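Visitor: The following block contains the structure, expressed as structure tokens.
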Amino acid sequence: MMRRGRLALAAALALFHMHGACAQEYPAGAMLSVEIVGAAPLPGLGIDRRLLPYPVQTASGREIGQGGGTSLNEFMSRTMNGVNANEVSGSPLQNDITYRGYRASPVLGSAQGMSVFLDGVRVNEPFGDVVNWDMIPEAAIGKLLLVPGANPLFGLNTLGGALALSTKSGRSHAGVQAEASTGSNGRRRADLAAGAKWGEGWHGFAAATAFRDAGWRDESAGRMENALLKLGRSGQATDWQITVLGGRSSLLGNGLLPDGLYRDKRRAAYTFPDQTRNRLLQAMFNAEHRIDAVTELAATAYARHSRRDSVNGDVSEDYGNYVEDCHEGFGADGAAVDGGDCALTRTQGAALHPGVLNTTRTRQRGEGASVNASALRAGHRIDAGATFDASRSAFAQFEQLATINAARGVLADPREEAVPASSVVGRSRAWGLYAADTWTPVHGTSITGSVRFNHARVANTLTTERGPQAPESFAYRRFNPALGIAHDAAPGLTVFVNAAQGNRVPTVIELGCADPAQPCRLPVGLQSDPYLKQVVARTLEAGLRWQRGGTAASASFYRTRNRDDILFFSSGPTRQGYFANFERTRHQGADLDWRRSAGAFSARLGYSFLQAVYDAGGALFTGARTVRVVRGTRLAGLPRHTLKLGVEWTARPALTFGLDAQAVSRLPAQGNEDGLAGDPEVGEAPHAADWSTRGYAVLNLRATWQPSPRWTLSVRVNNALDRRYETYGAVAADLFPGGRLAAPHDGPVEARQARFVAPGSPRTLAANLRYAF
């Protein structure tokens with residue numbers, strides 16, 4: 001039986017075309033590198049990566065900086081297995097990130113499934129679990145850790161994975177580094193990081209980023225600034241540090257484009273403005289105390305205050321009626337006969353049509369603390385701890401009647417006042433207890449078990465057009481276990497298997513918008529609503545890791561099933577809808593990775609297969625039509641195949657050339673998951689139609705020149721072949737066929753179903769200059 005197992009493993013290695021050649025090049029006793037990673041968000045003693053029964057991906061701050069991308073999520077989507085980006089918002093700092101089909105998104109209403117941590121503090125915002133990527137201090141990141149699956153040690157919202165970011169300190173990154181970059185479409189960025197150490201263990205660190213972008217699409221300019229300050233002291237047994245993080249941004253995103261307008265003008269905006277302004281202030285205290293050489297205590301406390309203000313220009317629900325009324329006020333020659341507002345707009349030379357400006361105001365405060373104990377005892381690596389998080393959210397929406405000009409810009413009507421539409425005040429409390437043990441009973445075999453108990457309470461008080469509603473409060477509890485084994489089957493070869501469970505509880509926005517009889521308008525329009533169940537995810541994963549000399553490879557096969565997934569169901573053409581539980585969804589697939597370094601060349605190749613489907617039958621309301629799914633229907637916006645390639649050549653000690661490429665298979669469009677068009681519920685005969693977005697491949701080139709140890713100049717060309725591609729698709733009602741507003745003599749507006757797409761960025765050029773001392 002053992003012999004058969006070894007033969008099977010050898011066959012798996014042959015898939016990477018490396019076993020024969022590398023077995024000859026490196027002797028069986030070759031030394032392997034040891035990488036220590038964290039087993040939980042909090043600092044601890046760390047654990048040898050080879051002992052973990054699941055694959056983890058890491059990157060240093062240096063690797064992220066050398067990647068040459070615009071942002072952290074761009075770096076992950078280009079280099080990390082299983083990670084993809086959707087340019088749904090049109091802003092480079094507001095991309096959707098998916099990992100194995102689970103989202104970490106800034107878009108309210110997205111089905112969130114990843115937890116994101118910064119120095120042990122969870123940064124998913126309490127109002128919707130969204131992640132504001134623009135508030136991540138990228139210049140200060142020292143290390144990135146991506147953990148797959150429903151890992152209970154990372155707490156709530158860890159359904160498909162967790163991203164843990166650690167920042168630099170003056171102790172680990174002494175010196176100064178300054179960077180400035182410029183690029184196409186008015187893009188400018190400056191980063192500054194400085195660290196220092198002083199006597200008696202004192203150290204400090206500061207980092208700041210400023211970003212400006214005119215945007216490659218119309219009405220898509222943006223700016224962002226953030227800064228991090230850290231002061232700490234290291235002693236013989238105790239280390240502590242205080243960190244303050246602040247940031248602000250004003251980003252314009254212009255969303256999806258209907259096919260007709262997209263073909264005519266790739267850079268167009270359907271309607272605008274669509275502006276989001278974020279503010280953040282966060283303070284953290286971290287401490288570590290070494291009781292002895294193999295026992296350590298770590299503690300974290302934080303306070304976090306964030307605010308978001310948004311302005312969205314949309315088409316009014318009365319748009320069609322308005323045009324019909326105008327039509328009745330004009331004669332056959334188009335001349336006005338009623339002398340009303342339509343005649344006024346006609347004489348101005350531009351037909352104005354009714355719209356609405358939706359403005360929102362969100363204020364969030366959070367506090368929390370956590371403690372972790374790590375110990376090494378007779379073959380056991382033990383972690384145990386507790387976490388507590390509390391948050392308060394206040395949200396309000398206002399609506400103001402507006403007009404739409406010929407460029408589809410929504411302009412506030414000065415004669416109309418903004419009126420309150422709805423508001424909510426919510427609170428959440430969550431605490432957890434966890435323990436984990438990695439036991440090595442014999443050399444080369446480790447068994448890892450962990451458990452966590454989560455308790456959460458979410459309460460809110462809603463105010464609607466009917467006035468204040470009765471307060472609501474819901475409690476959720478869950479016990480989540482995990483168990484895995486990692487075994488060294490041969491020198492450099494580790495096989496593993498792991499089973500784990502995690503959960504996510506509904507947020508204030510989801511509980512406040514869960515009544516199909518009273519749909520709300522995202523990100524607003526709340527009412528007292530039915531109870532939502534918590535989401536429970538179970539992951540089973542198996543695979544292998546292989547490393548010998550300059551070659552490394554891995555293969556991982558996984559299956560995660562969500563029970564009672566929380567999805568947003570649209571119910572109208574103007575963002576109306578509601579949140580509801582869906583019985584089951586399933587994400588399963590494989591991640592394959594190969595890396596090789598030899599002399600002046602290095603290469604990496606990654607392939608991901610993802611089957612993300614509904615695991616039960618049901619009806620989805622997508623805004624344009626009702627979609628009936630069956631078990632096995634694919635989830636929208638997620639590719640089945642993703643291939644990533646990276647090659648780097650050091651032509652001279654100071655000169656390096658590189659390329660990276662990503663190939664993605666077709667994406668099912670939201671609203672077309674069943675492969676049909678037409679909605680029988682409104683009298684339309686359904687018929688076969690494939691409105692999915694096509695697959696695409698993008699090539700990026702870069703060159704780096706280092707004339708001296710302190711100076712580095714790099715140039716990058718993104719989408720070097722200027723391929724036209726789309727990263728997301730959805731079916732919706734197109735009220736402006738061909739991008740043209742209906743004129744009064746056109747008569748009533750008939751909204752038609754159309755595919756809307758998220759255009760991918762065209763070819764862009766960026767240059768970066770770095771100075772370090």
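The values are calculated or read from the model by the stated rules, or taken from the named source; none is laboratory data. Here the structure is a predicted model, which is why all the values come from computation and not from measurement. Methodologically, a virtual Cβ is constructed for each residue, glycine included, from the backbone with ideal geometry; neighbour enumeration extends over all protein chains shown. We work out accessible area using only protein heavy atoms, side chains counted, and drop any ligands, DNA or RNA first. Shrake-Rupley method; radii C 1.70, N 1.55, O 1.52, S 1.80 Å.
Visitor: Mean 1/r over all different Cα pairs, inverted: what Kirkwood radius does the stretch 547-644 give, in Å?
Guide: Numbers: mean 1/r = 0.0622 Å⁻¹.
For the stretch 547-644, inverting the mean 1/r across all distinct Cα pairs yields 16.1 Å.
Visitor: Run the simple label-point estimate for residue 475 and residue 413 please: 7 Å along Cα→C-beta, distance reported in nm.
Guide: 5.0
Visitor: In terms of modelled amide H atoms, which long-range or inter-chain residues lie less than 5 Å from the amide H of residue 404?
Guide: 353, 355, 411
Visitor: Compute the distance in nm between two label points, each set 7 Å from the Cα along the Cα-to-Cβ direction, one at residue 687 and one at residue 453.
Guide: 6.1
Visitor: Separate question: Give me the one-decimal nm value for the distance between modelled label points at residue 378 and residue 277, 7 Å along each residue's Cα-to-Cβ direction.
Guide: Reported label-point gap for residue 378 and residue 277 is 6.3 nm.
Visitor: Just name one of 622, 741, 761: the one whose Cα is farthest towards the positive end of the charge dipole of the stretch 612-768 (beta-carbon charges, Lys/Arg +1, Asp/Glu -1).
Guide: Value computed over the given set: 761.
Visitor: On to the next question. State log₁₀ I(q)/I(0) for the stretch 80-230 at q = 0.13, 0.20, 0.21 Å⁻¹ as given by the Debye formula over alpha-carbon point scatterers of equal weight, solvent excluded.
Guide: Taking Cα atoms of the stretch 80-230 as identical point scatterers yields -0.69, -1.25, -1.30.
Visitor: Let me spell out the model: positive unit charges on the Cβ of Lys and Arg, negative unit charges on the Cβ of Asp and Glu, origin at the Cα centre of the stretch 184-271. What dipole size does that give, in debye rounded to 20?
Guide: Numbers: 14 positive and 9 negative charges, 54 e Å.
It comes to approximately 260 debye.
Visitor: Ok, one more. Assuming 1.002 mPa s and 20 °C, estimate D for the stretch 378-490 with Stokes-Einstein, Rh taken as the Kirkwood radius over Cα pairs, in µm²/s.
Guide: On the way: Rh = 19.3 Å.
Using the Kirkwood radius from Cα pairs, D works out to 111 µm²/s.
Visitor: Here is a further query. Quick one: length gained pulling residue 367 to residue 388 fully straight, 0.36 nm per residue minus the C-alpha distance?
Guide: Using 0.36 nm per residue and subtracting the Cα-Cα distance, I get 6.7 nm.
Visitor: Report the gain in length on full extension from residue 630 to residue 192: 0.36 nm times residue separation, minus Cα-Cα distance, nm rounded to one decimal.
Guide: Details: separation 438, 0.36 × 438 = 157.68 nm, distance 5.21 nm.
Answer, rounded to one decimal: 152.5 nm.
Visitor: Determine the per residue accessible area of the stretch 115-251 with all protein chains present and a 1.4 angstrom probe, expressed in square angstrom. Present the calculation step by step, with values, prior to reporting the outcome.
Guide: Working: 4380 Å² over 137 residues.
Accessible area per residue, the stretch 115-251: 32 Å².
Visitor: May I ask you to compute the full-extension gain from residue 236 to residue 598, defined as 0.36 nm times their residue separation minus their alpha-carbon distance, rounded to one decimal in nm?
Guide: Working: separation 362, 0.36 × 362 = 130.32 nm, distance 4.15 nm.
Difference between extended and current length: 126.2 nm.
Visitor: Please give me the summed charge of the neighbours of residue 308: other residues whose Cβ is under 15 Å from its Cβ, Lys and Arg +1, Asp and Glu -1.
Guide: Working: positive: 248, 277, 279, 304, 307, 361, 363, 365, 392; negative: 125, 129, 134, 274, 309.
Taking every Cβ under 15 Å from that of residue 308, the sum is +4.
Visitor: Based on Cβ point charges of +1 for Lys and Arg and -1 for Asp and Glu, what charge dipole magnitude is obtained for the stretch 216-313 about its Cα centre, in debye rounded to the nearest 20? Write down the numbers at each step before the final one.
Guide: Numbers: 15 positive and 11 negative charges, 78 e Å.
Computed charge dipole of the stretch 216-313: roughly 380 debye.
Visitor: A further question follows. Across all directions of projection, what mean area in square nanometres is found for the Cα convex hull of the stretch 575-693?
Guide: Values: hull surface 41.8 nm².
Approximately 10.4 nm², given one-decimal rounding.
Visitor: Can you divide the C-alpha Rg of the stretch 74-165 by 2.2 N^0.38 Å and report the result to two decimal places?
Guide: The reported ratio for this selection is 0.98.
Visitor: Okay, next question. Working from the alpha-carbon coordinates of the stretch 223-303, get Rg over Rh, Rh being the Kirkwood radius. Don't jump to the answer; show the numbers that get you there.
Guide: On the way: Rg = 22.9 Å, Rh = 16.8 Å.
Rg/Rh: 1.36.
Visitor: Hey, another quick one. If packing is taken as the mean number of other Cβ atoms within 10 Å per residue, what is the order of 754-765, 496-507, 444-455, highest first? Please list the in-between numbers first.
Guide: Working: 754-765: 20.7, 496-507: 24.2, 444-455: 19.0.
My ranking of the peptides, most packed first, is 496-507, 754-765, 444-455.
Visitor: If you scale each eigenvalue of the Cα gyration tensor by 5 and take the root, what three semi-axes come out for the stretch 640-773, rounded to whole angstrom and sorted largest first?
Guide: Largest first, the stretch 640-773 gives 46, 19, 9 Å.
Visitor: While we're here: Given R₀ = 22 Å, what would the calculated FRET efficiency be for residue 172 paired with residue 292, taking r from the Cβ atoms and rounding to 0.05? Mind dumping the intermediate values first?
Guide: Working: r = 23 Å, r/R0 = 1.05.
After rounding, the FRET efficiency stands at 0.45.
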